[in-house]
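Data block below; observations after.
The values are calculated or read from the model by the stated rules, or taken from the named source; none is laboratory data. In this text, all values refer to a predicted model and were calculated from it rather than measured experimentally. Neighbour counts run over all protein chains shown; Cβ positions are idealised from the backbone, glycine included. Just so you know, the surface numbers come from the protein's heavy atoms only, side chains and all, with ligands and any DNA or RNA stripped out. Shrake-Rupley method; radii C 1.70, N 1.55, O 1.52, S 1.80 Å.
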Amino acid sequence: GKTRVSGLTLSSGLRTPAEIYRFGIMYGIFAITYFFVVVISAEVFLPVFYKLGITSTYEYLELRFNRCVRLCGTVLFIVQTILYTGIVIYAPALALNQVTGFDLWGAVVATGVVCTFYCTLGGLKAVIWTDVFQVGIMIAGFASVIIQSAVIQGGINGILNDAYNGGRLNFWNFNPNPLQRHTFWTIIIGGTFTWTSIYGTNQSQVQRYISCKSRFHAKLSLYINLVGLWIILVCSVFCGLALYSRYHDCDPWTAKKVSAPDQLMPYLVLDILQDYPGVPGLFVACAYSGTLSTVSSSINALAAVTVEDLIKPRFRSLSERSLSWISQGMSVLYGALCIGMAALASLMGTLLQAALSIFGMVGGPLLGLFSLGILVPFANSIGALLGLLAGFAISLWVGIGAQLYPPLPERTLPLPLETYGCNSTYNRTDLMTATAMPFSTSAFQVHNTERTPLMDNWYSLSYLYFSTLGTLTTIIVGMLISLSTGGRKQNLDPRFLLTKQDFLSNFDIFKKKQHDISYKSHPVEDLGTDNPAFNHIELNFTDHRGKVNGTRL
């Protein structure tokens, strides 16, 4: 299955081009980051989760540590996902409002309701299949913008020349300073930690590759997904350059034609594609696809985690049918909560950064916790718990500080935007009947305070390093405490750790080619166990237990 191509480019139809328009092509270095992320996820985390055959990644925490660690992990995940999903619902609603004048809150509620509806009825299968179609729509939307821009701006060369003259091709910035928002190092190191916490351990991602037929297929889906991530990143980068090329002498944001950078892309679409009926709609669909995909898998993951980690262990007597109803009820409840979060997201300001910061602040410590379990044989539950708390405390401190006292421009390095060409050529203000958005980057900013050294250094840390900080703190504190509380003495089942066999089994595919071609159920020793949660034969609905496992959770 196309794993999560669309979702986490973060409806990149809107954000990434605006990012490149303002800060240059540096963001494209994420291509290298994605490669590292997929390799780490496929070779370190996937083998362990797959061979244990678990539904919720947090089951692993109980198997490896104890009940309490699992509950902490689950609660952190639920909080993180609701916060993040709110941002994801809000962003394209803003775009739709910009392009069509469609009511902002109408769009927010509609998005939430549609996702909740098909998640509740269709379960994981609905989530995965809708994603496959959405990827196609996204690429079509991007392609239409890139092709039309190239036609108008005098070919790809014209676009690249404008970008070069405007200083947008600033690919190589090797400044090692961790306070610069984007440099080669913050994107490679910080980005790898931030995204690995999403790809390697986040339930909404892991539930997809665990539902593959065999471990080989699960890894393959991740590597195919990498290609999808690259294609979408390249499209976004080109859209950003096209955006700059079109408005290099008249920035709609400074000229107050749009109220937020996230609206630049829809503005461009209306500007260059207004004579082609239906095409601006295709673009809105493209922006929405990423969102629906993320929101649906988040709601699905929240429901699965709640049932598996909070309800099943507590009420063991429930029948599978009641669990199935509870799971559907949870989907509805979480859908409503996410819509509520979207209302809060409208106060957050720059959304791409806010979303990745939330992932960093919560995902980093969780990534550290899983890494302790999988990579450190002597880690015990006391170390894990205290490590998680330490990592969470530190990343929360720096993350909230950065929201309150945003870094100064010399840290974020926005590139200049010009408006000298505005008066003559563009008289298009009539098109925009948009809801104004507050101009500050964050609603929670504390204005006009004296900058203290704490703000200029600690709170100015690049948002991509929040995750790195949380992960490393969790691992180091966890290791020290485990060693001092007798972690060496525990005897562990080696299945909970990453072993040498896990790596070597990659090469089994060459030895046992003939098994894989015939679709019989694999022998157990072939490529990890066959996953019970996924069946390539449609389930017969007499056995209720099978029905729930196959279609709902």
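Data table
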| item | result |
| --- | --- |
| Unique residue being open to solvent by less than 20 Å² (accessible area, probe 1.4 Å) and at pLDDT 80 or above when the list is Thr291, Thr306 | Thr306 |
| Check on Thr74, at pLDDT 80 or above and not hydrophobic (A, V, I, L, M, F, W, C) | yes |
| Single match in Leu323, Leu318 (criterion: open to solvent by 50 Å² or more (accessible area, probe 1.4 Å) and more than 19 Å from the chain's Cα centre (by Cα)) | Leu318 |
| Qualifying residue in region 393-411 (condition: under 22 Å from Tyr164 (Cβ atoms) and in contact with a Lys or Arg (Cβ under 7 Å, 6 or more places away or on another chain)) | no |
| Positions within region 157-173 being under 25 Å from Leu226 (Cβ atoms) and at pLDDT 90 or above, in sequence order | none |
| Complete set of residues in region 401-417 that are touching a residue at least 12 places away in the same chain (Cβ under 8 Å) and part of a helix (DSSP H, G or I) | Gly401, Ala402, Gln403, Leu404, Arg411, Thr412 |
| Single unsatisfied condition, Ile231 versus (1) within 30 Å of Val79 (Cβ to Cβ); (2) touching a residue at least 60 places away in the same chain (Cβ under 8 Å) | (1) |
| Unmet criterion (only one of (1) in contact with a Gly (Cβ under 6 Å, 6 or more places away or on another chain); (2) at pLDDT 75 or above; (3) more than 30 Å from Arg488 (Cα to Cα)) for Asp456 | (1) |
| Residues located in region 295-323, provided they are under 17 Å from Thr120 (Cβ atoms) and among the hydroxyl-bearing types (Ser, Thr, Tyr) | Ser296, Ser297, Ser298, Thr306, Ser322 |
| Subset of region 446-472 [crowded, with 17+ Cβ neighbours inside 10 Å, hydrophobic (A, V, I, L, M, F, W, C) and in a loop (DSSP other than H, G, I, E, B)] | Leu461, Leu464 |
| Leu388 more than 30 Å from Leu241 (Cβ to Cβ), of a type outside the set (Lys, Arg) and modelled with pLDDT of 85 or more | yes |
| Failed item in (1) at pLDDT below 80; (2) part of a helix (DSSP H, G or I); (3) surrounded by 12 or more Cβ atoms within 10 Å (Cβ to Cβ), with Ile475 passing the rest | (1) |
| Qualifying residue in region 250-264 (condition: at pLDDT 85 or above, crowded, with 24+ Cβ neighbours inside 10 Å and assigned to a helix (DSSP H, G or I)) | yes |
| Residue that is most open to solvent (accessible area, probe 1.4 Å) [pool: residues in region 226-246 that are within 17 Å of the chain's Cα centre (by Cα) and either at pLDDT below 90 or closer than 23 Å to Val269 by Cα (or both)] | Trp230 |
| Flag for Lys312 being open to solvent by 10 Å² or more (accessible area, probe 1.4 Å), basic (Lys, Arg), free of Cβ contacts under 8 Å to residues at least 12 places away in the same chain and more than 24 Å from Ala336 (Cβ to Cβ) | no |
| Residue that is within 17 Å of Gly363 (Cβ to Cβ) and in contact (Cβ under 8 Å) with a residue 12 or more places away in the chain, where the choices are Ser204, Ser214 | Ser204 |
| Residue among Val79, Val39 that alone is surrounded by fewer than 20 Cβ atoms within 10 Å (Cβ to Cβ), farther than 22 Å from Gly487 by Cα and without any contact (Cβ under 8 Å) to a residue 24 or more places away in the chain | Val39 |
| In region 176-218, residue nearest to Leu413 (Cα to Cα) [restricted to those that are part of a loop (DSSP other than H, G, I, E, B) and out of contact with any Phe, Trp or Tyr (no Cβ under 8 Å at 6 or more places or on another chain)] | Gln180 |
| Lone qualifier among Gln203, Gln180, Gln134 - being open to solvent by 10 Å² or more (accessible area, probe 1.4 Å), within 17 Å of the chain's Cα centre (by Cα) and at pLDDT below 90 | Gln134 |
| Leu220 in contact with a helix residue (DSSP H, G or I) (Cβ under 7 Å, 6 or more places away or on another chain) and among the aliphatic types (A, V, I, L, M) | no |
| Subset tally (residues that are surrounded by 20 or more Cβ atoms within 10 Å (Cβ to Cβ) and part of a helix (DSSP H, G or I)) for region 147-165 | 4 |
| Qualifying positions in region 166-177 - open to solvent by 30 Å² or more (accessible area, probe 1.4 Å) and touching a residue at least 60 places away in the same chain (Cβ under 8 Å) | Gly167, Leu169, Asn170, Phe171, Asn173 |
